[in-house]
Amino acid sequence: MQGKVRHVQITGTNNAAAEARLDELTRDFYCLDSRARRVLVVGSAQRRTVPCVSWLDDIPNLADFDVVILNLETLDRVNLVKLTRVDKERLLRLRQQLFDLMLSGGEIYCLLAPFLAFGSYLYFPDGSMEPEWSNLKWSPIGFSLTEIRGESMLIEEDVKFEDYLRQVSGWEGYINPTANMNYIEERLRHENKLADDEEVFWQSLPLALNRYGKPLAASLCFGVRQREAEHEEPKIKFISDYLHLLPPPSKITREQGIDMLVEEAKGLPAKSVMPAWAEQYHVPGEDLLEQRINESQRRIKAAEREQKRCFRAFRDLQRSKALLYEHGDNLRQALAEVLQRMEFGVKPFPGAPDLLVLQTRYGKMLLDAAGRSGPAETGDLQQLLRHAVFAQESDGRIWKGLLVFNHYRLNEPRQSRPAAFPGEVVARAREMRLGLCTSEGIYASFCSFLQGSMLREELEDRMYQGAGIINLPASEPSFDRPVKSLFNSAEDT
């Protein structure tokens with residue numbers, strides 16, 4: 001990476017030409033345009049007069065706004081980890097857009113939070129480095145935070161954010177501008193805005209200091225100038241707008257602080273924050289409205305609990321549809337859940353966990369669930385028969401075997417399909433005294449059970465007494481059937 005990065009303290013010049021240039025470069029620092037400024041808040045979901053998005057939302061193009069307010073408190077470890085899984089390039093895209101914003105005359109207001117980083121470190125040719133993931137990854141200009149608590153703060157006179165800074169009575173650390181301009185220099189060279197005889201510089205304007213002169217709030221900017229020649233003033237090519245780093249307020253909430261910054265960004269007069277003693281005064285009707293608010297909140301919480309209960313019941317009912325299309329372990333699990341909802345005792349068979357034991361009034365049944373895109377084969381009966389004989393020998397009682405087969409999972413309901421059990425499979429099952437039924441028939445029996453048109457004992461009799469194909473209700477898509485009846489049945493169960 002070529003080019004030098006220097007810090008130029010423009011405010012320290014004394015000659016008239018430099019002072020005139022300073023006025024020209026910083027005139028937008030304190031003045032607002034006559035047009036309405038577009039403001040965006042990132043990291044806060046509260047409703048305001050300006051758009052607000054969270055760090056995980058779809059964030060619009062930041063460079064399209066005049067002021068972007070960032071709330072770092074909500075960019076915590078949980079959201080950082082979610083970003084690594086959902087959108088790994090989110091913060092890098094934000095950095096690029098904020099770079100474009102500063103170059104186009106836009107400002108960034110950042111409410112600071114304790115530094116948070118994880119992952120490996122990225123090293124640069126000049127020896128600097130930055131973590132792979134941090135809550136400062138969005139910033140085009142490198143800076144760091146030193147965590148140390150304090151309360152003393154000196155606010156510069158007639159400074160921007162003066163009303164906001166007076167709401168800060170305690171702080172968690174101070175700002176260290178590191179002059180890490182690797183990203184900016186790389187972008188400028190990529191966009192052909194940095195020639196070989198030019199260099200990048202940065203500027204730091206303190207807004208508030210602690211007792212020993214460390215900045216608690218500061219405004220950072222960067223620019224490009226020609227390389228310094230001996231006895232010549234540097235010729236500045238351009239300078240960006242500011243990144244304002246602000247401590248969170250302590251006399252008011254952070255959300256109230258964001259409201260003050262929104263007013264500052266839009267050029268509105270700052271509203272006075274209501275003091276604590278004002279709570280002692282009551283407006284007629286205030287208590288009644290507060291009671292209504294509390295009652296509404298109770299109803300909302302009750303509705304949310306009811307919604308969660310209904311959602312769980314709905315989700316449990318939806319899982320029964322897996323009988324229509326699943327196979328293997330998923331089909332076996334869906335079969336066990338449906339039979340348990342019909343009040344059957346179901347558990348895995350000790351000798352073969354892929355088989356199920358069904359307890360009935362007549363004795364135990366051994367269930368096997370299989371799914372295929374074609375009809376059943378005689379080989380599907382061998383494992384069931386072998387374990388049924390083994391269970392009978394070890395238990396001393398007769399075990400009935402039942403094969404639940406699903407061959408419809410790749411077909412829509414009204415498509416023509418071959419029969420689930422060919423004639424040789426049915427004959428073999430009768431010879432072995434095994435029962436055959438489709439998972440679609442079990443699903444239809446479950447629906448009949450929920451509607452009250454079929455008792456559990458009736459299904460139990462059919463499964464245990466029948467040999468060969470067991471007659472079960474047919475299942476058809478019921479697009480016109482009221483959802484309410486099925487939902488109410490689910491609640492009753």
Strands (runs of 3 or more DSSP E) (entirely within the stretch 309-410) containing at least 1 residues that are touching a Phe, Trp or Tyr at 6+ places or on another chain (Cβ under 8 Å), of a type in the set (D, E, K, R) and modelled with pLDDT of 80 or more: 364-371, 400-406
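May I ask you to list the residues in the stretch 136-146 that are assigned to a strand (DSSP E or B) and either touching a Phe, Trp or Tyr at 6+ places or on another chain (Cβ under 7 Å) or of a type in the set (Gly, Ala, Ser) (or both)?
If the condition is that a residue be assigned to a strand (DSSP E or B) and either touching a Phe, Trp or Tyr at 6+ places or on another chain (Cβ under 7 Å) or of a type in the set (Gly, Ala, Ser) (or both), then Ser144, Leu145, Thr146 are the ones that fit.
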Assuming Arg149 fulfils every condition listed in (1) in a strand (DSSP E or B); (2) more than 22 Å from Phe222 (Cα to Cα); (3) modelled with pLDDT under 85 apart from one, which condition is it? (3)
With the requirement that a residue be among the charged types (D, E, K, R) and either surrounded by 13 or more Cβ atoms within 10 Å (Cβ to Cβ) or in contact with a Lys or Arg (Cβ under 6 Å, 6 or more places away or on another chain) (or both), what does the stretch 291-320 give you? Asp316, Arg319
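Residue-wise test of (1) assigned by TED's automatic domain parsing to the domain that holds Leu136; (2) within 27 Å of Leu136 (Cα to Cα); (3) at pLDDT below 90.
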position: Ile10; (1), (2), (3): yes, yes, yes
position: Glu24; (1), (2), (3): yes, no, yes
position: Tyr30; (1), (2), (3): yes, yes, yes
position: Asp33; (1), (2), (3): yes, no, yes
position: Arg47; (1), (2), (3): yes, yes, yes
position: Val50; (1), (2), (3): yes, yes, yes
position: Ser54; (1), (2), (3): yes, yes, no
position: Asn61; (1), (2), (3): yes, yes, no
position: Leu72; (1), (2), (3): yes, yes, no
Just the residues that are without any contact (Cβ under 8 Å) to a residue 40 or more places away in the chain and exposed (fewer than 12 other Cβ atoms within 10 Å of the Cβ), please, taken from the stretch 141-157. Glu147, Ile148, Arg149, Glu151, Glu157
Answer from Leu288, Leu268, Leu331 - the residue that is of a type in the set (A, V, I, L, M, F, W, C) and surrounded by 15 or more Cβ atoms within 10 Å (Cβ to Cβ): Leu331
Residue pairs meeting the criteria (Cβ under 9 Å; at least 6 apart or on separate chains; first in contact (Cβ under 8 Å) with a residue 12 or more places away in the chain, in the stretch 431-444; second of a type in the set (D, E, K, R) and not in a strand (DSSP E or B)): Leu434/Arg428; Gly435/Arg462; Cys437/Arg462; Ser439/Glu326; Ser439/Arg409; Tyr443/Lys321; Ala444/Glu476
Which condition does Gly435 not pass, out of (1) outside any strand (DSSP E or B); (2) at pLDDT 85 or above, if it passes all the others? (1)
Within the stretch 152-176, take every residue that is within 21 Å of Leu98 (Cβ to Cβ) and assigned to a loop (DSSP other than H, G, I, E, B) and give me the one that is nearest to the chain's Cα centre (by Cα). Phe161
Looking at (1) touching a Lys or Arg at 6+ places or on another chain (Cβ under 6 Å); (2) without any contact (Cβ under 8 Å) to a residue 12 or more places away in the chain, which is the one condition that is false for Val78? (1)
Number of positions in the stretch 177-199 that are in a strand (DSSP E or B) and surrounded by 22 or more Cβ atoms within 10 Å (Cβ to Cβ): 1
Output the number of the condition that Gln340 fails; it satisfies all remaining conditions of (1) surrounded by 11 or more Cβ atoms within 10 Å (Cβ to Cβ); (2) in contact with a helix residue (DSSP H, G or I) (Cβ under 9 Å, 6 or more places away or on another chain). (2)
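The values are calculated or read from the model by the stated rules, or taken from the named source; none is laboratory data. Since we're looking at a predicted model, the values are computed, not measured. Quick reminder, even Gly has a Cβ in these numbers, built from the backbone with ideal geometry, and neighbours come from all protein chains shown.
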